[in-house]
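Values in this text are rule-based calculations from the coordinates and carry no lab data. Computed from a prediction, not measured in an experiment: that's the story for all the values here. Cβ placement follows ideal geometry from the backbone for every residue including glycine, while neighbour counts extend to all protein chains displayed.
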Amino acid sequence: MLEINKLPDRRWTAAYTKARCEKVVKEYCERHAITCYLPLRRQAKRYQRRTVETFLPMFPGYIFVQTDGEGQTRLLQSHRVVHLLTLDDLQELRLINDLRDLQHLETIAKRAEIVVKPELLPGKPVLVTSGPLQGLNGIIQRRQSHTRITVNIELLGQSASVEVDAGELELEDI
């Protein structure tokens with residue numbers, strides 16, 4: 001397992017890649033001695049009588065790298081990395097802690113399927129994807145132990161609220 005530590009001459013950051021190029025960028029990093037981490041999740045699909053198991057990036061379009069200035073330039077020269085995020089010291093420390101947590105989650109992902117979804121924040125429009133309220137559109141009002149969504153009836157100037165399990169929600173594209 002990769003040791004994720006802070007080094008004085010290198011910084012951890014996220015590299016935004018071209019579509020479906022995460023594994024290619026990882027191979028590029030390994031060839032050029034750039035420390036990288038690509039968290040993967042298991043996906044099993046059933047085709048007729050057989051199950052095909054693949055490992056996909058947990059965060060499509062992103063790979064995490066630890067580089068210095070020269071490594072950043074080399075990454076951008078790969079023509080597969082679109083942008084490197086700029087992080088301050090505090091953000092880098094948070095990222096390092098998050099990456100360590102991801103490593104633990106990744107060990108679980110090798111045995112079970114993990115679903116990665118965008119964070120549900122108050123004010124975001126959502127669609128209820130399952131349960132008795134399936135197909136309902138709403139806006140997240142608050143998020144604590146339960147998620148409360150509000151459905152606005154614009155024509156009447158009224159709204160109704162209900163608590164829904166976060167697993168039944170999907171962010172809507174505006």
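Odds and ends about this structure:
- Amide proton proximity set for Thr17, modelled H, under 5 Å, gap of 5+: Tyr62, Ile63, Val82
- The calculated 222 nm mean residue ellipticity attributable to helices in the chain amounts to -7000 deg cm²/dmol, summing -39500 (n - 2.57) over DSSP H runs of n ≥ 4 and dividing by all residues.
- In nm, spacing of pseudo-spin labels at Tyr16 and His104 (7 Å Cα→C-beta vector): 3.0
- Furthest towards positive pole of dipole, Pro8, Thr54, Cys29, structure part the chain, Cβ charges: Thr54
- Whole-Hz couplings from phi, Karplus 6.51/-1.76/1.60, listed for region 97-106; x for Gly and Pro: 5, 5, 5, 5, 5, 4, 4, 5, 5, 5
- Spatially proximal aspartates and glutamates relative to Lys18 (Cα-Cα < 17 Å; intrachain offsets below 8 disregarded): Glu27
- About the centre of its Cα atoms, region 1-94 shows a dipole size close to 880 debye [charges on the beta carbon of Lys, Arg (+1) and Asp, Glu (-1) only; nearest 20 debye].
- Checking every one of the GluC sites (Glu not before Pro) in region 67-141 against DSSP loop status and a limit of 16 other Cβ atoms within 10 Å picks out Glu113, Glu119.
- When only Cα pairs below 8 angstrom with a gap of at least 6 residues are kept, the chain shows a relative contact order of 20 percent.
- Straight-distance crosslink candidates among lysines, where the alpha carbon sits under 20 Å from Lys110 and sequence neighbours closer than 8 are dropped: Lys23, Lys26, Lys45
- Dipole size of the chain about its Cα centre, with +1 on Lys/Arg Cβ and -1 on Asp/Glu Cβ: approximately 740 debye, rounded to the nearest 20.
- With 5 Å bins beginning at zero, the pair-distance distribution over Cα atoms of the chain amounts to 1, 7, 13, 14, 14, 14, 12, 10, 8, 4, 2, 1, 0 %.
- Relative contact order computed over region 2-87 (Cα-Cα under 8 Å; 6+ residues apart), in percent: 43
- Relative to the current alpha-carbon distance between Glu163 and Glu30, full extension at 0.36 nm per residue lengthens the span by 43.2 nm.
- Partner aspartates and glutamates whose Cα lies under 14 Å from the Cα of Lys6, excluding those fewer than 8 positions away in the same chain, are identified as Asp68, Asp88, Asp89, Glu92, Asp98.
- Size of region 36-128 as Cα extents on the principal axes (Å, biggest first): 50, 36, 25
- Once the chain from Arg42 to Leu93 is taken as fully extended at 0.36 nm per residue, the excess over their C-alpha distance is 15.6 nm.
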